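**Q** Can you read through this structure? Questions will come right after.
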Amino acid sequence: MLRARVALSRLVPLLWITAAVALVAAGAETWRYFLLLASRTDALSTTAVRWSDGLVRTAGWASVAAFVPCGLVLVTWSLHALQAAGDRTATRPSRSPLTVVLGWLVPGPNLSVPGSLLAEIEHAGLDRSPDERPRPSRLVLLWWAVWALGVVLGVLTLLWSLRTGAQARADGVVLHALVDLTAVATAVLTLKVTRRLTALLAPPTGERREILVAVRPPAEPVPA
C-alpha cells in the first residue's frame with residue numbers, strides 16, 4: 001500500500017499540470033475557431049494568426065509533455081492499488097500486470113478495462129465479498145463515462161484530421177477543443193477517484209503517539 005501512496009503523491013501534481021495545460025489548449029483551439037469564422041468575411045491580422053498558431057503548437061507540445069508522464073504514473077498507481085486490494089481481501093488480482101497495462105493503452109479494451117479495474121479496487125476497499133460483483137459508485141461511473149468519452153473523441157479527432165477542406169478544418173478545431181475540455185474533466189475526476197480509492201485501501205487509523213518533550217527532575221522533599 002505504501003507504493004500506491006507514493007505513486008499518488010507523484011500523480012497529484014501531474015494531474016493538476018495536465019488539467020491546466022489542457023485548459024490552455026482548449027482556449028487556444030477556441031481562439032483559432034473564432035479566427036476561422038472571422039476569416040469568412042474579413043481579412044485577419046497577421047499578428048493574430050501568428051499568435052494563434054504559436055499558442056496552438058505550444059499548447060499541443062505541452063499537452064504531450066504532461067500527458068505522457070501523467071499516464072505512466074496513473075498506470076503505476078493502478079498496479080500498486082490492485083495489488084493492495086488483493087492483499088486486503090487475501091485474494092490474487094484477477095488481472096496480470098501486463099493485462100492492466102494493455103487495458104489502459106490498447107484502443108477498444110481501454111474503454112472498459114480502466115473503469116472495471118477501478119471498480120474492483122473500490123470493491124475491495126469497501127470490504128465487500130470477493131464473490132460479489134463490483135458495484136461502482138457514482139464517482140467511479142462518472143469517471144468511467146468521461147474517460148470513455150475522451151477515448152472516443154480522441155479517435156474521432158484523429159480520423160477527422162485525414163479530411164481536407166475549410167469546413168473539415170473548422171470541425172477539426174472544434175473536436176480538438178472538445179478533446180482538451182474532456183481531458184480537463186478527466187484529470188480532475190482522476191484526482192478525486194485515486195484519492196478516494198487510496199484512502200479506502202488504507203484509511204487513517206487515528207492512533208495517537210505520545211512524544212517525550214522534557215523530563216522534569218523529581219520534586220525535593222518538603223522539610224517537616
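We did not get these values from a lab; they are worked out from the coordinates using the rules stated. In this text the structure is predicted, and so the values were computed from the model without any measurement. Glycine gets a Cβ as well: all are built from the backbone with ideal geometry, and neighbour counts include every protein chain shown.
**Q** Under a 10 Å cutoff between Cα atoms, tell me which one of LEU178, LEU72, LEU37 has the largest fluctuation in the Gaussian network model of the chain.
**A** LEU37
**Q** Tell me, what is the percent relative contact order of segment 1-77, built from C-alpha pairs under 8 Å that lie six or more residues apart?
**A** Numbers: 43 pairs, mean separation 43.5, N = 77.
57 percent.
**Q** Within 10 Å, at most 11 other Cβ atoms, and a DSSP state outside H, G, I, E, B define an exposed site. Report the longest part of the chain free of exposed trypsin sites (Lys or Arg not before Pro). Don't jump to the answer; show the numbers that get you there.
**A** Details: sites that count: ARG40, ARG163, ARG208, ARG209.
That would be 41-162.
**Q** Then there's this: Got the relative contact order for the chain handy, in percent, Cα pairs under 8 Å and 6 or more residues apart?
**A** 31
**Q** Candidates (i) 1.11; (ii) 1.00; (iii) 1.22; which is the computed Rg/Rh (Cα atoms, Kirkwood Rh)?
**A** Recomputing Rg/Rh (Cα atoms, Kirkwood Rh) here gives the entry labelled (iii).
**Q** Hydropathy first: keep DSSP H helices in the chain averaging at least -0.5 on Kyte-Doolittle, then drop any whose Cα extent along the axis falls short of 24 Å, and list what survives. Provide the component values of the computation, followed by the final result.
**A** Details: long enough: 2-38 (54 Å, 1.24); 46-89 (63 Å, 0.57); 138-160 (32 Å, 1.97); 166-201 (52 Å, 0.97).
Qualifying helices, which must be both long enough and hydrophobic enough, are 2-38, 46-89, 138-160, 166-201.
**Q** To continue, here is another question. How much net charge surrounds VAL21 when only other residues with a Cβ under 15 Å from its Cβ are counted (Lys, Arg +1; Asp, Glu -1)?
**A** Summing Lys/Arg as +1 and Asp/Glu as -1 gives -1.
**Q** Another one. Quote to one decimal, in nm, the extra length available between ALA90 and VAL68 on full extension: 0.36 nm per residue of separation minus the C-alpha distance between them.
**A** 4.6 nm
**Q** Quick check on segment 58-123: take the gyration tensor over C-alpha atoms, sort the square-rooted eigenvalues as a ≥ b ≥ c, and tell me if it's rounded (a/c under 1.5), prolate or oblate.
**A** Note, shape of segment 58-123 comes out prolate.
**Q** Excluding LEU159 itself, calculate the net charge of residues whose Cβ lies under 15 Å from the Cβ of LEU159, where each Lys or Arg counts +1 and each Asp or Glu counts -1.
**A** +1
**Q** Here's another thing I want to ask about it. Taking springs between alpha-carbon atoms closer than 10 angstrom, which of LEU82, LEU159, LEU14 fluctuates most in the Gaussian network model of the chain?
**A** Result for the chain, Cα springs under 10 Å: LEU159 fluctuates most.
**Q** Please state the charge dipole magnitude for segment 88-180, taken about the Cα centre, from unit charges on C-beta atoms (+1 on K and R, -1 on D and E), reported in debye and rounded to the nearest 20.
**A** 80
**Q** Report the charge-dipole magnitude of segment 46-138 in Debye, nearest 20, computed about the Cα centre from +1 at each Lys and Arg Cβ and -1 at each Asp and Glu Cβ.
**A** So the magnitude is around 180 debye.
**Q** Let me ask something else about it. Just subtract the alpha-carbon distance of VAL6 and THR164 from 0.36 nm times their residue separation and send over the number in nm, one decimal.
**A** So the chain would gain 52.2 nm between VAL6 and THR164.
**Q** Then there is this: In nm, what is the difference between 0.36 nm times the number of residues separating ASP171 and SER45 and their Cα-Cα distance?
**A** Here the segment from ASP171 to SER45 would lengthen by 43.2 nm.
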